[in-house]
Amino acid sequence: MKLVLIGCPGAGKGTQAKKLSKYFNIAHISTGDLLREQMKQGTELGKKVSEIMNAGGLVSDDIVSAMLAERIKEDDCKNGYILDGYPRNVAQAEGLGAITGELDKVVCFNVDDSVIVDRMTGRRGCPKCGQMFHIKYNPPKAEGVCDSCGEALIQRKDDNEETVVNRLKVYHETTAPVIDYYKNKGILFEVDGTGDIDEIFKKVVAALEA
Ligand SMILES: [Zn+2]
């Protein structure tokens, strides 16, 4: 089974990707993780990617495509795979089709922007032990202090409202055409990404097994 998951930052597609990967025994491929792995391993590609990113540039579609083409040849992809975080625009979607052939399904997680803003701006993390909290949905026992180690919690710079709203705007502008692209191919499945994680998972599985 070859799947693509689409959803804005904070829509929970990473969580669903992990569950789906386990359930269907298919690989979970995040292009962000792939890039970081290549850099860590110091491969030729990784060195190239490091240079581009250190210079503040964007890694080209060609590089990502080449990396994906190699990745899906690996053993754990023989039953299929889930792509998470890619493609982000129509050019990438077209390039991807040349590598993967027809996809089985593209799952789009729909979550209202206001919900995403609420989820992301409320996040607080511990700089010492890494534990994550949410001021509304998963508050620490004492306000602003880590339950595990007592360190003062901090908010990531990226989680302020202005940045989140901007990222959502960019997401909608670039992803709307990708959604249409897959809708026209008749393989798009849209699911409400708000609410219980297991309920959402069940809906997606039902659609994929239908
Ligand atoms: Zn801590």
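The values are calculated or read from the model by the stated rules, or taken from the named source; none is laboratory data. If you're wondering where the values come from, they're calculated on a predicted model, not measured in any experiment. Ideal geometry is used to build each Cβ from the backbone, glycine not excepted, and the neighbour counts take in all protein chains shown. The area values use the complete protein model at the heavy-atom level, side chains included, leaving out ligands, DNA and RNA. Shrake-Rupley method; radii C 1.70, N 1.55, O 1.52, S 1.80 Å.
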Task: Residues of the stretch 2-47 that turn out to be within 19 Å of TYR182 (Cβ to Cβ) and either aliphatic (A, V, I, L, M) or touching a His at 6+ places or on another chain (Cβ under 9 Å) (or both), as a count - done: 10
TODO: Quick one: count up the residues across the stretch 100-151 that are part of a helix (DSSP H, G or I) and either within 15 Å of the ligand (Cβ to nearest atom) or open to solvent by less than 70 Å² (accessible area, probe 1.4 Å) (or both).
DONE: 9
- [ ] Determine the pairs where a residue that is on the phi < 0 side of the Ramachandran plot, located within the stretch 132-159, has a partner that is surrounded by 13 or more Cβ atoms within 10 Å (Cβ to Cβ) and of a type in the set (Ser, Thr, Tyr) with Cβ atoms under 7 Å apart, the partner being 6 or more residues away or on another chain.
- [x] ASP159/THR121
Open item on the list: Take the residues in the stretch 60-84 that are charged (D, E, K, R) and within 10 Å of ILE29 (Cα to Cα); name whichever of them is surrounded by the fewest Cβ atoms within 10 Å (Cβ to Cβ).
Closed with: ARG71
Open item on the list: Among the numbered criteria (1) away from the ligand (no atom under 16 Å from the Cβ); (2) exposed (fewer than 12 other Cβ atoms within 10 Å of the Cβ), which one does ASP159 miss?
Closed with: (2)
Task: Search result, residues across the stretch 39-91 that are out of contact with any Leu (no Cβ under 9 Å at 6 or more places or on another chain), under 19 Å from SER21 (Cβ atoms) and in a helix (DSSP H, G or I) - done: ASP75, ASP76, CYS77
TODO: Output the number of residues of the stretch 167-210 satisfying the condition of being farther than 24 Å from GLY101 by Cβ, without any contact (Cβ under 8 Å) to a residue 60 or more places away in the chain and either of a type outside the set (Asp, Glu) or open to solvent by less than 60 Å² (accessible area, probe 1.4 Å) (or both).
DONE: 7
Task: Test set (1) outside any loop (DSSP other than H, G, I, E, B); (2) open to solvent by less than 30 Å² (accessible area, probe 1.4 Å) - GLY97 fails condition number - done: (2)
Open item on the list: If a residue must be touching a helix residue (DSSP H, G or I) at 6+ places or on another chain (Cβ under 8 Å) and part of a helix (DSSP H, G or I), how many such residues does the stretch 182-197 contain?
Closed with: 2
- [ ] Give the residue, chosen from ILE154, ILE179, ILE200, that is touching a helix residue (DSSP H, G or I) at 6+ places or on another chain (Cβ under 7 Å) and of a type outside the set (Asp, Glu).
- [x] ILE200
